[in-house]
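First comes the structure, then the notes that go with it.
The values are calculated or read from the model by the stated rules, or taken from the named source; none is laboratory data. Quick caveat, the model's predicted, so the values are computed rather than measured. FYI the Cβ positions are ideal-geometry reconstructions off the backbone, even for glycines, and counts take in every protein chain you see. Heads up: the accessible areas ignore ligands, DNA and RNA and are worked out on the full protein's heavy atoms, side chains in. Shrake-Rupley method; radii C 1.70, N 1.55, O 1.52, S 1.80 Å.
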Amino acid sequence: MEKDIFELRSSVRKFTNEDVAEADIREMLEAAVKAPSGKNIQNWHFVVVTNKRHINAAADIITEKNKKLRDNVDDEALKKEFKRYLKFGTHFRKAPVLVLFFVSDYPVTGKKIMEAAGSSEEEINALLKADPGIQNISAAAENFMLKAAELGYGTCWMTSQNYASLELQSYFGVDQDKYTLALITPLGAAAEKVDSPPRKSLDKVVSWVW
Ligand SMILES: Cc1cc2nc3c(=O)[nH]c(=O)nc-3n(C[C@H](O)[C@H](O)[C@H](O)COP(=O)(O)O)c2cc1C
């Protein structure tokens, strides 16, 4: 049976050297900006890196920050665990393209009035935890990755490197007063076939209210 678009996308962590056509990247970006966003605010910014030297530098920045953090901690178990995650934040090193997804602030509806009305911290936290600003960039990122899959490319949604987000942001010259790094993805032709891991069945994640 032919795979549908959702099955075509899976997390790809190894890439061939093949270049990605600029026209294809533009198509993915066009798909990304077709995503819905609260109040149609479109609070996103994308950085597309196609230069190997800069992709490598990004991986170095994360590696250095990972070490710096470990060097400032005594707890050996914590250090070991954190080091283990380094590969999940740097496997893009050999990808032909790296895309960084930034998000700017979103004025969450209800926040101001809840604060003025003296709502509890718990109530305000419940509102803010669902962060529509992050939902906007997530929708854009998913569109980007689905279009990449449709065009035959691999991607991998990555957030585990975000402990180095300020350093990455500074390296790529993105205004820190306005934007926050949400996620990154490598982009390229997959070096190997990757199937997604199994999902929980619907009966475990759905409650129907009739
Ligand atoms: C919010 C988010 C953060 C993720 N962060 C990472 C990451 O930092 N590194 C990585 O290799 N994969 C990361 N992934 C990929 C997940 O591991 C992957 O989506 C999941 O295992 C399901 O596999 P699939 O994408 O192949 O369907 C992330 C995915 C999401 C949605």
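Before moving on, here are some points about what is shown:
- Taken together, the criteria place residue 103 among residues that are within 16 Å of the ligand (Cβ to nearest atom) and surrounded by 14 or more Cβ atoms within 10 Å (Cβ to Cβ).
- Tally, over segment 40-91, of residues that are in a loop (DSSP other than H, G, I, E, B) and either touching a residue at least 12 places away in the same chain (Cβ under 8 Å) or closer than 26 Å to residue 104 by Cα (or both): 6
- Matching residues, segment 130-188, being near the ligand (Cβ under 9 Å from one of its atoms), open to solvent by 30 Å² or more (accessible area, probe 1.4 Å) and either more than 11 Å from residue 102 (Cα to Cα) or free of Cβ contacts under 8 Å to residues at least 40 places away in the same chain (or both): 142, 157, 159, 160, 162
- Answer residue from segment 84-100, given it is open to solvent by 70 Å² or more (accessible area, probe 1.4 Å) and either among the hydrophobic types (A, V, I, L, M, F, W, C) or in contact with a helix residue (DSSP H, G or I) (Cβ under 6 Å, 6 or more places away or on another chain) (or both) and is nearest to the ligand (Cβ to nearest atom) among those: 88
- Pairs linking a residue in segment 95-107 that is more than 12 Å from residue 45 (Cα to Cα) and part of a strand (DSSP E or B) to a residue that is open to solvent by 10 Å² or more (accessible area, probe 1.4 Å) and among the polar types (S, T, N, Q), with Cβ atoms under 8 Å and 6 or more positions apart or on different chains, are 97/50.
- Residue 65 being over 26 Å from residue 187 (Cα atoms), away from the ligand (no atom under 13 Å from the Cβ) and at pLDDT 95 or above: no
- Scanning segment 1-31 for residues that are at pLDDT below 95 and away from the ligand (no atom under 16 Å from the Cβ), we see that the one that is farthest from residue 190 (Cα to Cα) is 1.
- Of all residue pairs spaced 6 or more apart or on separate chains, those with beta-carbon atoms under 7 Å, a first member in segment 4-21 that is in contact (Cβ under 8 Å) with a residue 60 or more places away in the chain and within 17 Å of residue 55 (Cβ to Cβ) and a second member that is open to solvent by 50 Å² or more (accessible area, probe 1.4 Å) and among the charged types (D, E, K, R) are 14/192; 15/94.
- Within segment 113-128, tally of residues that are open to solvent by 50 Å² or more (accessible area, probe 1.4 Å) and within 15 Å of residue 38 (Cβ to Cβ): 1
- Within segment 35-49, the set of residues being touching a strand residue (DSSP E or B) at 6+ places or on another chain (Cβ under 9 Å), open to solvent by less than 70 Å² (accessible area, probe 1.4 Å), away from the ligand (no atom under 16 Å from the Cβ) and not polar (S, T, N, Q) comprises 41, 46, 47, 48, 49.
Okay, residues lined up against (1) open to solvent by less than 80 Å² (accessible area, probe 1.4 Å); (2) touching a Phe, Trp or Tyr at 6+ places or on another chain (Cβ under 9 Å); (3) β-branched (Val, Ile, Thr):
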| residue | (1), (2), (3) |
| --- | --- |
| 5 | yes, no, yes |
| 8 | no, no, no |
| 16 | yes, no, yes |
| 24 | yes, yes, no |
| 29 | yes, yes, no |
| 33 | yes, yes, yes |
| 51 | yes, no, no |
